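What follows is one structure encoded as structure tokens, with my remarks underneath.
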Amino acid sequence: MKQSQPIIAVCPRCGSTPVGGPATWTCPGCPATYRGLRGIIDLRVTEDEYLSNADDWAYASKLDAAFDRLDFRGLLSLYFELSPEITPALRDRQITHILTAPGRVRAWLDALGDGSGESGPLLDLGCGSGSFLASVGGSGRPLAGVDIAMRWLIVARKRLDEEGLGHVPLVCAGSEALPFADGTFAAIIAGDVIEHVADQGATLAEAYRVLRPGGRLFLASPNRFSLALEPHVQVWGVGFLPRRWMIPYVRWTSGRDFRAIRTLGASEWRRLLGESPFLSVRIEAPGLPATDLAHFGRIKRLVAWWYNRVVATRSGQALARAVGPLFHVVCERSRTVDGSVPASSPTTRPGSSSPGEPG
């Protein structure tokens, strides 16, 4: 089922709608011109910290050249073949994480709750390979995906095309300057994204701007102080170090680049959210989905089963927010139509925490 109201990207400089495509667009409101691949418009106004926009474009062009001869699995494999710094073990782990994403989607949507608007427009912020969009695309809900990496968007385009979701728009842009009009979305999903952005505060402010009154933002992100291995580089103890030591430590222990990763602990989350426009927030430590447990070894699966039992309790939540592997964060935009801040205090659910509360 196709979406009835396509979501239109706008020029990040003037707010007008670029015209043209699929490889070149012009803005009628300013002198800007934009390029694209596979109909994916490049509206980036800043450089990605991990890979320069020029290098990313060259990477994406190689994937684009193979787009018509490879299926999604093949294009995904080529993506990692073009990334020699990713070890085979880490590559296999990342591919498994991508392919098991549908098992996490239901938990993410449940976390959003009724405030997401069951049929309102939804943005996948940092959509990566398109896992979330492919999982919910059959609902008929208006969808859009945005990512700062054109290389990942080429992979996502292939995945969505194979799922019959070629109508879902994908846009290349940074989270700090989202190319959408104010109040476009009823909900935003940002899974494993906030730790990669250059400016976390600006990302939250932009999410607030493009949400409708009462709309919700969902974020999933690893806990900086998790007792498990750091999931991006598979190195233990990174989060317990001062930040200035993290990059050289990871480089020394694994040879990996940690410059563009900034995970947060519970107190850091509360500080970040307290400085954001959102007043109603919820921070939780979720259980681990069954789809992930199925790929664990016997001992790790037993530990995960025990962990899921613990986090279901109030005291277990407090412990998990301190040293558990993951956070789910839900933020709701003010319900006032004019965007003004209501006088009421933030609403939270049992077992949750908000800025200023103990974690």
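Please determine, by comparing only the residues of the range 50-61 that are more than 16 Å from Pro179 (Cβ to Cβ) and either among the aromatic types (Phe, Trp, Tyr) or surrounded by 15 or more Cβ atoms within 10 Å (Cβ to Cβ) (or both), which one is modelled with the lowest pLDDT.
Tyr50
Step by step: first the residues of the range 76-115, then only those that are farther than 29 Å from Val235 by Cβ and in contact (Cβ under 8 Å) with a residue 12 or more places away in the chain, then the one that is surrounded by the fewest Cβ atoms within 10 Å (Cβ to Cβ). Which residue is that?
Looking at residues that are farther than 29 Å from Val235 by Cβ and in contact (Cβ under 8 Å) with a residue 12 or more places away in the chain, I get Gly113.
If the requirement is being under 21 Å from Ala66 (Cα atoms) and not aromatic (Phe, Trp, Tyr), which of these qualifies: Val146, Val171, Val136, Val105?
Val171
Can you find, within the range 14-40, the residue that is farthest from Ile148 (Cα to Cα) among those that are in a strand (DSSP E or B), in contact (Cβ under 8 Å) with a residue 12 or more places away in the chain and of a type in the set (A, V, I, L, M, F, W, C)?
Trp25
Just for the range 1-40: of the residues that are of a type in the set (D, E, K, R) and closer than 27 Å to Ser135 by Cα, which one is surrounded by the fewest Cβ atoms within 10 Å (Cβ to Cβ)?
Looking at the filtered set, the residue picked out is Lys2.
Would you call Val136 in contact with a Gly (Cβ under 8 Å, 6 or more places away or on another chain), in contact (Cβ under 8 Å) with a residue 12 or more places away in the chain and among the hydrophobic types (A, V, I, L, M, F, W, C)?
For Val136, the condition - in contact with a Gly (Cβ under 8 Å, 6 or more places away or on another chain), in contact (Cβ under 8 Å) with a residue 12 or more places away in the chain and among the hydrophobic types (A, V, I, L, M, F, W, C) - is not met.
Collect the residues in the range 46-77 that are in a helix (DSSP H, G or I), of a type in the set (A, V, I, L, M) and more than 22 Å from the chain's Cα centre (by Cα), keeping them in residue-number order.
Answer for the range 46-77, where residues must be in a helix (DSSP H, G or I), of a type in the set (A, V, I, L, M) and more than 22 Å from the chain's Cα centre (by Cα): Ala54, Ala58, Ala65.
Restricting to the range 84-143, and then to whatever is in a helix (DSSP H, G or I) and polar (S, T, N, Q), can you tell me which residue is nearest to the chain's Cα centre (by Cα)?
Ser131
Is it the case that Leu43 is closer than 19 Å to Ile148 by Cβ, of a type outside the set (Gly, Ala, Ser), surrounded by 16 or more Cβ atoms within 10 Å (Cβ to Cβ) and over 19 Å from the mean Cα position of the chain (by Cα)?
No: the conditions fail for Leu43.
Determine which single condition Ile299 fails, assuming it passes every other condition in (1) touching a Lys or Arg at 6+ places or on another chain (Cβ under 9 Å); (2) over 22 Å from Trp108 (Cβ atoms); (3) among the aliphatic types (A, V, I, L, M).
(1)
Picking from Gly214, Gly255, which residue would you name as being on the phi > 0 side of the Ramachandran plot, within 22 Å of the chain's Cα centre (by Cα) and small (Gly, Ala, Ser)?
Gly214
Taking interchain pairs and intrachain pairs at least six residues apart, which have beta carbon atoms under 8 angstrom, with the first residue in the range 217-244 and without any contact (Cβ under 8 Å) to a residue 40 or more places away in the chain and over 25 Å from Leu112 (Cα atoms) and the second hydrophobic (A, V, I, L, M, F, W, C) and assigned to a strand (DSSP E or B)?
That search, which allows pairs on different chains as well, returns Leu229/Val235.
Please pick out the residue among Ala266, Ala260, Ala290 that is within 24 Å of the chain's Cα centre (by Cα) and buried (at least 16 other Cβ atoms within 10 Å of the Cβ).
Only one candidate qualifies: Ala266.
Of all residues in the range 165-176, which are touching a residue at least 12 places away in the same chain (Cβ under 8 Å) and surrounded by fewer than 16 Cβ atoms within 10 Å (Cβ to Cβ)?
His167
Taking Asp124 and the conditions (1) touching a helix residue (DSSP H, G or I) at 6+ places or on another chain (Cβ under 7 Å); (2) surrounded by fewer than 24 Cβ atoms within 10 Å (Cβ to Cβ); (3) of a type in the set (Asp, Glu), which numbered condition does it fall short on, given that it satisfies the others?
(2)
The values are calculated or read from the model by the stated rules, or taken from the named source; none is laboratory data. All values derive from a computational prediction rather than experimental measurement. Don't worry about glycine lacking a Cβ; one is built from the backbone with ideal geometry, like all the others, and counts go over all protein chains shown.
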